[in-house]
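This report concerns only the one structure given below.
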Amino acid sequence: MSNTNQSVPFTTFLYKHHIELGAHMGLFAGWWMPIYYHSALEEHKAVRENAGIFDLCHMGQFFVEGPQAAEWLNGILTNDLSVLNDGQSQYNLLLTDSGGIIDDLLLYRINSTSYLLVVNASVADKDYSLFHRFLPQQGVTLTDNRHKWGCIAIQGPQSWAIVKKVFGLDPLPKHTLKKIIFEKQFLYIASTGYTGETGAELFFPAAIASLIWTRLLEEGKIIHLLPCGLASRNILRLEASLPLNGIDLREDKNPWEAELDKAVCLSKPYTFPGKFALVQLKNTFQDLLVAFTAKDIMCPQPRTGSPIFFMGEKRGEVTSGVWSPSLGRVIGMGYIHKFCATVGNTIEIEIRDKRYPFLIQKKPLYRKGSSHS
């Protein structure tokens, strides 16, 4: 992070590399980020067929350590940490007292007294303030490493071949984390991602950010590894029906509506923020976050907030929409009344004052190795 003035956009540790590569830069969550280099579609293709590399240094990284770390985290996050072994990851939520989604995040158990939290950039400050507010006087330490650590994701069917060349590491089982030594520095490599493809996410001290980025690109040339921006990442995650915090996930929506039951454990003996509200909401929530595809391949792309109609009546609104190269048509996600949200139902979305037919689909829309809805 090269700028600590909150009124001015941040730049990541890899900013100079993006400029040298001719990236088209844009603002995202207060950061200057590469939107695309040559073409979002070309970068999308690289990830689906070979491999792509993403700068994720804008993501927040918090380290939680101490003899009470697991118990403390279990009293704040929605999932049950007790099921994790060393080196495993878990999808979690941070909620308001009323059950709304503040953030979705990944938690990695390094060992029984040490955890890594990777949070979304747009709410990293809010997350940290909330964690800090609950911090006990002893037994737990919370370290904000956004100024000191970075993250790079390498995704695609050839990603682990490149990782092995650079780090000498064979593919890890899904959702696991491993600590390694590289150039006399330690870093973590996780078998996680946000694209629907196999891949790795690397967490490392800022001092070796440029070295890792450069080495991966050099070793990846032979299999056409491409640097990728946020535009292709958005297409990839929507094809995989992965929600985006702040767009698909919001404080006015709860985990039941977002279909994130997998991230919630009401039976654990800990009272996390929003737990009591979720018990009440489980039988009373109104909407569901559905995935959909356009019936007409020439259909334009809906925008966030575009109204959704079912049998002539407005029943919801679009959260995300994009043209999908893998499916060959416009796709998206949105909230619709749960009684209209059956897979196979035809809905209409109003785009530029005209309604277009869409089909509610089972998630994910894209599955590795397939190119059909």
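The values are calculated or read from the model by the stated rules, or taken from the named source; none is laboratory data. All values reported here derive from a predicted model rather than from experimental measurement. Using ideal geometry, Cβ is built from the backbone for each residue, glycine included, and neighbour counts are taken over all protein chains shown. Note: accessible area is taken over every heavy atom of the protein model, side chains too, but ligands, DNA and RNA are not part of it. Shrake-Rupley method; radii C 1.70, N 1.55, O 1.52, S 1.80 Å.
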Worksheet item: Could you count how many residues in the stretch 293-330 are of a type in the set (Lys, Arg), touching a residue at least 12 places away in the same chain (Cβ under 8 Å) and not in a loop (DSSP other than H, G, I, E, B)?
Response: 2
Worksheet item: Which condition number in (1) open to solvent by less than 50 Å² (accessible area, probe 1.4 Å); (2) closer than 30 Å to residue 38 by Cβ; (3) of a type outside the set (S, T, N, Q); (4) at pLDDT 95 or above is the one that residue 223 fails?
Response: (4)
Worksheet item: Would you call residue 210 touching a residue at least 60 places away in the same chain (Cβ under 8 Å) and either under 16 Å from residue 102 (Cα atoms) or open to solvent by less than 30 Å² (accessible area, probe 1.4 Å) (or both)?
Response: no
Worksheet item: Of 188, 128, 194, which residue is open to solvent by 20 Å² or more (accessible area, probe 1.4 Å), within 21 Å of the chain's Cα centre (by Cα), under 12 Å from residue 61 (Cβ atoms) and of a type outside the set (Gly, Ala, Ser)?
Response: 128
Practice prompt. Determine which single condition residue 136 fails, assuming it passes every other condition in (1) farther than 30 Å from residue 219 by Cβ; (2) part of a helix (DSSP H, G or I); (3) touching a residue at least 24 places away in the same chain (Cβ under 8 Å); (4) out of contact with any strand residue (DSSP E or B) (no Cβ under 9 Å at 6 or more places or on another chain).
Written response: (2)
Fill in: Of the criteria (1) free of Cβ contacts under 8 Å to residues at least 60 places away in the same chain; (2) assigned to a loop (DSSP other than H, G, I, E, B); (3) within 22 Å of the chain's Cα centre (by Cα), which one residue 85 fails
(3)
Fill in: Pairs with Cβ under 6 Å, 6+ apart, first in the stretch 257-270 and open to solvent by 30 Å² or more (accessible area, probe 1.4 Å) and in a loop (DSSP other than H, G, I, E, B), second among the aliphatic types (A, V, I, L, M) and modelled with pLDDT of 95 or more
259/289
Practice prompt. Tell me which residues, restricted to the stretch 34-52, are open to solvent by 50 Å² or more (accessible area, probe 1.4 Å), out of contact with any helix residue (DSSP H, G or I) (no Cβ under 8 Å at 6 or more places or on another chain) and not in a helix (DSSP H, G or I).
Written response: 38
Fill in: Number of positions in the stretch 167-226 that are among the basic types (Lys, Arg) and under 23 Å from residue 49 (Cα atoms)
3
